[in-house]
Amino acid sequence: MGRVISVLVFGAVGVAILVSLGLWQVQRLAWKEAVLADIAARIGAAPVELPASPDPGTDRYLPVRVTGRIVGEPVRVLVSQRGIGAGYRIISALETEAGRRVMVDRGIAPTDQTVPAPPVGTVSVTGNLHWPDEVDAFTPANDVAGNIWFSRDVEVLAAHLDTEPVLVIAAELTPPEAGVTPLPVAVEGIPNDHLSYAVTWFLLAVVWLGMTLILLWRIRRRSE
């Protein structure tokens, strides 16, 4: 009897812990969906003039419209699109009519072609401010000499392109440019794995319960 009780307690505690972890992930899922809905609303809002001093905290995803000339040599950031393959994000300096220099992520171009020349003269860029977090321990060092970069580190890119640490991810350029496809900011690129985590914890709880029942059955058979 003592062994049966210990197995019951061990099984119940394990199931309770796993179910609580699953419920916690369900709560996190609801929280993340609310965050994504807020981000989507911010991304889709009406564009405004570029702030004087954009803040990475309060102005992330802010829709803006900025006008000026694309100047200097662009930076190529190697990326991969699901179902499409590798490409280069083309990031250039833009000199505004007010004399400011900011960065514009013009979009993606195939890796097997040279960087397309930007539109000549004044362009109008509509997009969103962003400070991507793309650097971790596995990110390769940028090949500055070969103009192959592996992340959009705003501070590093700004120092290289001699601009403010401000990056506009273009959704639309006027006039449009051939050879570069805009990749606007979208919530689809923000991970939300809480549902799969919740399912995993609940399945583990079911497995734990099943193993407990099997062990109890074996104990009963031995006692007969």
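Table: residues versus (1) basic (Lys, Arg); (2) out of contact with any helix residue (DSSP H, G or I) (no Cβ under 7 Å at 6 or more places or on another chain); (3) assigned by TED's automatic domain parsing to the domain that holds Val77; (4) in contact (Cβ under 8 Å) with a residue 12 or more places away in the chain.
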| site | (1), (2), (3), (4) |
| --- | --- |
| Glu155 | no, yes, yes, no |
| Ala159 | no, yes, yes, no |
| Ala170 | no, yes, yes, yes |
| Thr212 | no, no, no, yes |
Qualifying residue in the stretch 143-160 (condition: under 30 Å from Ala41 (Cβ atoms) and in a strand (DSSP E or B)): no
Count - residues of the stretch 161-193 that are touching a Lys or Arg at 6+ places or on another chain (Cβ under 6 Å) and either modelled with pLDDT under 85 or loosely packed, with under 14 Cβ neighbours inside 10 Å (or both): 0
Sole residue being surrounded by 17 or more Cβ atoms within 10 Å (Cβ to Cβ), closer than 24 Å to Asn192 by Cβ and either in the same structural domain as Ala178 (by TED's automatic domain parsing) or polar (S, T, N, Q) (or both), chosen from Gly87, Gly127, Gly107, Gly83: Gly127
The stretch 76-135: number of residues that are in a loop (DSSP other than H, G, I, E, B) and of a type in the set (Val, Ile, Thr): 6
Of all residues in the stretch 1-49 being of a type in the set (S, T, N, Q) and in contact with a Phe, Trp or Tyr (Cβ under 9 Å, 6 or more places away or on another chain), the one that is farthest from Arg65 (Cα to Cα): Ser20
So Ile39, is it outside any loop (DSSP other than H, G, I, E, B), loosely packed, with under 11 Cβ neighbours inside 10 Å and out of contact with any strand residue (DSSP E or B) (no Cβ under 9 Å at 6 or more places or on another chain): no
Number of the condition not met by His130 [criteria: (1) over 24 Å from the mean Cα position of the chain (by Cα); (2) modelled with pLDDT of 90 or more; (3) closer than 30 Å to Val48 by Cβ]: (1)
Qualifying residues in the stretch 71-88 (those that are within 15 Å of the chain's Cα centre (by Cα) and not small (Gly, Ala, Ser)) - the one modelled with the highest pLDDT: Val79
In the stretch 45-70, the residues that are surrounded by 15 or more Cβ atoms within 10 Å (Cβ to Cβ), assigned to a strand (DSSP E or B) and over 20 Å from the mean Cα position of the chain (by Cα): Arg65, Val66, Thr67, Gly68, Arg69, Ile70
Number of positions in the stretch 133-143 that are among the β-branched types (Val, Ile, Thr) and either at pLDDT 95 or above or within 14 Å of the chain's Cα centre (by Cα) (or both): 1
Residue in the stretch 58-87 that is farthest from Val144 (Cα to Cα), counting only those that are of a type in the set (Val, Ile, Thr) and touching a Phe, Trp or Tyr at 6+ places or on another chain (Cβ under 9 Å): Val79
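The values are calculated or read from the model by the stated rules, or taken from the named source; none is laboratory data. This is a predicted model, so every value here is computed, not measured. For neighbour counting, all protein chains shown are included, and Cβ atoms are generated from backbone atoms with ideal geometry for every residue, glycine included.
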